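Nothing in this text is a laboratory measurement; each read-out follows from the coordinates by a stated rule. These numbers were taken from a predicted model, which means no experiment stands behind them. Heads up, the Cβs are rebuilt from the backbone with ideal geometry, glycines too, and the neighbour counts pull from every protein chain shown.
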Amino acid sequence: MEHLHAPWRIQYILAPKSPTTDQSLFTRIAQSNDDVGNLVLVRERSCYALLNSYPYTGGHLMVVPYRQTSNLDELSDAELTDLMLLTRRCVNALKKVMKPDGFNLGINLGRVAGAGVTEHLHIHVVPRWNGDTNFMPVLAETTVVPQALTELAAQLRAALAEQSQAQPTQSL
């Protein structure tokens, strides 16, 4: 039998689990000043983007409203607009840095829909490449992340900063 290794996952498995509180993981990250440690890529008026610490594939990031809610109806039109505009910026940054062939974008509302953080909705942005579905996730239930998250985060921060300098701020 061959053994396949995903050593970055052990950090998640062994990490102390935060006690249950009224604040979601995303709210705690939103209130933190440690953007580098939390893999936060950019902060906007009502939302922010961060790399997923335990990604499905390289470049998997999330766009999160600052306001904690599990329900789209509780976000204002301005918050929804900001969420989608930042999602578009993140897609463009990933295109520049990683050159994927496509993307999966999604929101999982509720545990039955696959939400891992049910109390705080967020948009998943998952870059995809032709042929990226291979035997690793199918047979080994393992994905290969080809680049260190901190290195990728730095590249995406630079691409996002470059975009914001090139484009005037959009007003509603």
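Would you kindly work out the equivalent ellipsoid of segment 23-159 from its C-alpha gyration tensor and give its semi-axes, the square roots of five times the eigenvalues, largest first in whole Å?
On the way: eigenvalues 112, 62, 42 Å².
Equivalent ellipsoid semi-axes, largest first: 24, 18, 14 Å.
For the residue pair THR150 and ALA166, what label-to-label distance in nm results when each label sits 7 Å from Cα along the Cα-to-beta-carbon direction?
Going from the THR150 label point to the ALA166 one covers 2.8 nm.
Local charge sum around ASN104 (other residues, Cβ-Cβ under 13 Å, Lys/Arg +1, Asp/Glu -1)?
Charge balance near ASN104 sits at -1.
Less than 14 Å Cβ to Cβ from SER164, Lys/Arg counted +1 and Asp/Glu -1: what total charge do the surrounding residues give?
Values: positive: ARG43, ARG45, ARG88, ARG89, LYS96, ARG157; negative: GLU44, ASP82, GLU162.
It works out to a net charge of +3.
Around ARG45, with a cut-off of 14 angstrom between Cβ atoms, what is the net charge of the other residues, counting Lys and Arg +1 and Asp and Glu -1? Numbers along the way, then the final one.
Working: positive: ARG43, ARG67, ARG89; negative: GLU44, ASP77, GLU79, ASP82.
Summing Lys and Arg as +1 and Asp and Glu as -1 gives -1.
5 Å is the cut-off here: which amide hydrogens, built 1.01 Å from N in the peptide plane, fall below it relative to LEU41, excluding neighbours closer than 5 in sequence?
Sorted by chain and number, the residues that satisfy this are ALA49, LEU50, LEU51.
In what sequence do TYR54, TYR66, TYR48 fall when counting other Cβ within 10 Å, fewest first? Intermediate results must be reported in sequence, preceding the final value.
Numbers: TYR54 15, TYR66 18, TYR48 23.
By the 10 Å Cβ count, ascending: TYR54, TYR66, TYR48.
Using Cα centres only, tell me the gap between segment 25-44 and segment 45-117 in whole Å.
Measuring centre to centre over Cα atoms gives 14 Å.
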